[in-house]
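The values are calculated or read from the model by the stated rules, or taken from the named source; none is laboratory data. These numbers come from a predicted model, not from an experiment. Counting neighbours? That spans all protein chains shown, and the Cβs are built from the backbone with ideal geometry, glycine included. Protein only, heavy atoms only, side chains kept; ligands, DNA and RNA dropped before computing areas. Shrake-Rupley method; radii C 1.70, N 1.55, O 1.52, S 1.80 Å.
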Amino acid sequence: MSSPKVVLAYSGGLDTSVAIPWLKERGFEVVALTVHVGQPIDLQAVRKKALASGARRAYIVDAREEFAKDYLRPAIAANAIYEGIYPLSTALARPLIGKHLVAVARKEGATHIAHGCTGKGNDQVRFDLSTTALAPELKVIAPAREWGMTRDEEITYAAAHNVPVAAKKSSPYSTDENLWGRSIECGVLEDPAIEPPEEIYDWTQSPLASPDQPEYVRIGFERGVPTHLNGGRTGLRSIVEQLNRTAGKHGVGRIDHLESRLVGIKSREVYECPAATVILGAHQALEALVLPRDLLDFKRTAELRYSQLIYDGLWYSPLRAAIDAFVASTQERVTGEVAVKLYKGSARVSGRTSEFALYSHGLATYSAGDEFNASSAEGFIYVWGLPSRTWAAVGEKKARPVAATVARFRRASR
Ligand code: ARG
């Protein structure tokens, strides 16, 4: 009988490399899969390392376009931000990786999928839930959740199993990168009282060293999707990549988050999300221009729920699909251009235009050309304030008839 097959989400790091012989010792044939979501990797080197570590086959999938189109686009439309601060960069890539794990598992006739997550984080939940939601027949193994090895023990294990180990001293930080951002945790960051040291940053310049002149970027949207950068039409992925560089150069997108993990742990996480910071800010500014107050308000509630379900690993759920449909319907008129000023760590919206603007100069102006009928405001306020008057009247000690008190207020306010 041939050995069962497992498809492993392979990053090329120590954990997932050690996972290969570990899975083989448990009787599995290992197929490695590396999904390119914008992390800085040498794909051929990663492939070679997977094979050198004992994988039977090593797949590489470039999913950057798919990530932008099917994951970032709806996240932008929904202003997806967890706990008011984290643009969900790591969280959004996990279901996409899960989808490809399932596709390769089916192609290879595998019975299991595996990932390198530990038992303390959110990512294990996201991998487990997205793969089982798409392929309930597949079993999930998380070696690092089971093996209980320290980092030094892993290195010893690697040497004993001919797994190539990077020569350079490993960083005290754990990082994860994709198009939407870079996550940094561990090391000195585990003390939330201490300011993150400059050395943890890679995508963003310190505002102290950033250019002394501000730079303006203009982002064009069509139905909620970024389609133009500084007037030129280009794809979302390219807009994100360019903005990561430009905004990063100005120190934009550093996020220090005391985060509530799904597994109940509070954790200190730092992110660099330059493009996400600029794009989400611009998108919200455009929505403020073209959407009415009640819709903005109601949408906020849906956005909150949407962000939470992404964080919680529920991307492949009927609730996500339903909120997506609602959000898509709100984006019909979210077309226009927003200018953002990048300067010393800040990204501020400096202007916005749209053919669907609800803003009307004639109604808003305090100068000549005023089209607003101010005298009708009085009657409106009388009717609007009726519940307050009625309430106050009923509360009055002397039990005057309510109608009489309301009439008295009306006379007094004339
Ligand atoms: N805490 C973040 C999240 O749950 C990011 C985790 C990043 N992972 C890492 N290995 N640094 O989405």
- [ ] Please go through region 12-31 and pick out each residue that is assigned to a strand (DSSP E or B) and surrounded by fewer than 19 Cβ atoms within 10 Å (Cβ to Cβ).
- [x] E29
Task: Single condition D123 does not satisfy, out of (1) open to solvent by 60 Å² or more (accessible area, probe 1.4 Å); (2) within 20 Å of D70 (Cβ to Cβ) - done: (1)
Task: Complete set of residues in region 272-308 that are within 16 Å of the ligand (Cβ to nearest atom) and surrounded by fewer than 17 Cβ atoms within 10 Å (Cβ to Cβ) - done: Q308
- [ ] Considering only residues that are free of Cβ contacts under 8 Å to residues at least 60 places away in the same chain and not in a loop (DSSP other than H, G, I, E, B), look in region 188-219 and name the one that is farthest from G351 (Cα to Cα).
- [x] V188
Task: Members of region 70-98 that are out of contact with any helix residue (DSSP H, G or I) (no Cβ under 6 Å at 6 or more places or on another chain) and within 15 Å of A9 (Cβ to Cβ) - done: T90, A93, I97
TODO: Could you tell me which of the residues V240, V338, V334 is more than 26 Å from P172 (Cβ to Cβ) and part of a strand (DSSP E or B)?
DONE: V338
Open item on the list: Which residue is most open to solvent (accessible area, probe 1.4 Å), if the candidates are limited to region 169-194 and must be out of contact with any strand residue (DSSP E or B) (no Cβ under 8 Å at 6 or more places or on another chain) and more than 12 Å from the ligand (Cβ to nearest atom)?
Closed with: K169
Task: Checking V165 against (1) more than 16 Å from the ligand (Cβ to nearest atom); (2) within 30 Å of I76 (Cβ to Cβ), the condition it does not meet - done: (2)
Task: Top-ranked residue in region 229-241 [being open to solvent by 10 Å² or more (accessible area, probe 1.4 Å) and in contact (Cβ under 8 Å) with a residue 24 or more places away in the chain; ranked as farthest from L208 (Cα to Cα)] - done: G235
- [ ] Identify the residue in region 353-394 that is in a loop (DSSP other than H, G, I, E, B) and of a type in the set (G, A, S) and, among all such residues, is nearest to T405 (Cα to Cα).
- [x] G385
- [ ] Name, by its number, the condition in (1) modelled with pLDDT of 95 or more; (2) open to solvent by 40 Å² or more (accessible area, probe 1.4 Å); (3) closer than 23 Å to Y311 by Cα that does not hold for I113.
- [x] (2)
TODO: Report, by residue number, each residue of region 309-325 that is out of contact with any strand residue (DSSP E or B) (no Cβ under 7 Å at 6 or more places or on another chain) and either among the β-branched types (V, I, T) or surrounded by 15 or more Cβ atoms within 10 Å (Cβ to Cβ) (or both).
DONE: L309, I310, D312, G313, L314, W315, Y316, S317, R320, I323, D324
- [ ] Considering only residues that are over 17 Å from L179 (Cβ atoms) and among the charged types (D, E, K, R), look in region 76-110 and name the one that is least open to solvent (accessible area, probe 1.4 Å).
- [x] E108
